[in-house]
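A short worksheet on the structure shown next.
The values are calculated or read from the model by the stated rules, or taken from the named source; none is laboratory data. Small disclaimer: the values here were computed from a predicted structure and weren't measured. Positions of Cβ are generated from backbone atoms using ideal geometry, with glycine treated the same way; all protein chains shown enter the neighbour counts.
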Amino acid sequence: MPDMPIQTRQRDWGAIVVTLCLMAVAGWALWEAQRMSELGKLFPITFGGLMLTLCSILLVKQLLGRSTPRLELEGSMPRRALLVVVMIAWIALLPVLGFVVAGLLGFFAIMAIAGHDGWPLPRLLRFVAIGIAVVALIAWIFQHLLHVPLPAGRVFF
């Protein structure tokens, strides 16, 4: 029988730091939810609580060294960095442009970054239609079903 490789228990400190940051975001969401209406606090309490629970499990696994080994990622690091930049820009533009306009710009920017094979006209039109539908649906769900006010923006509205 072949020898099995001995797996050493190592902590992924990067994952631990990111997990702690996500736990802080979840805690902040739960704290801010206290000032909301009963229906308005449903979303942040549900997802903040879920995020805090799952991050706690991940943190314990990381600290005990029982997480799955880190895989080497393939792909473009500049594209990944651009996605982070787009997400930060989207957050910054939300109060200025409003959810719908900033959401559409963010969607199209991410679409452009992710497009490896170019954009033939039929594909481009399909993705534009999907982007508009997705952003409109998310806005409608938040405003009408969840009663969560979305930023209207100062420029266009």
> In the set 50, 22, which member is surrounded by 15 or more Cβ atoms within 10 Å (Cβ to Cβ), over 19 Å from residue 143 (Cβ atoms) and modelled with pLDDT of 90 or more?
Replying inline: 22
> In region 94-120, which residues are among the aliphatic types (A, V, I, L, M) and either at positive phi or without any contact (Cβ under 8 Å) to a residue 12 or more places away in the chain (or both)?
Replying inline: 112
> Among the residues of region 104-119, is any farther than 23 Å from residue 81 by Cβ and modelled with pLDDT of 90 or more?
Replying inline: no
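Among the residues of region 90-107, is there at least one that is loosely packed, with under 12 Cβ neighbours inside 10 Å and over 20 Å from residue 150 (Cβ atoms)?
Of all residues in region 90-107, those loosely packed, with under 12 Cβ neighbours inside 10 Å come to 91-92.
Narrowing the set further to residues that are over 20 Å from residue 150 (Cβ atoms) leaves none.
No, region 90-107 contains no residue that is loosely packed, with under 12 Cβ neighbours inside 10 Å and over 20 Å from residue 150 (Cβ atoms).
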>> Of everything in region 118-146, what is within 18 Å of residue 105 (Cα to Cα) and in a loop (DSSP other than H, G, I, E, B)? Give them in sequence order.
In response: 119
> Does region 120-156 hold any residues that are touching a Pro at 6+ places or on another chain (Cβ under 9 Å) and loosely packed, with under 13 Cβ neighbours inside 10 Å, and which are they?
Replying inline: 154
> How do the helices (runs of 4 or more DSSP H) wholly within region 21-117 filter down when requiring 3 or more residues that are outside the structural domain of residue 130 (by TED's automatic domain parsing) and among the β-branched types (Val, Ile, Thr): which remain?
Replying inline: 42-64
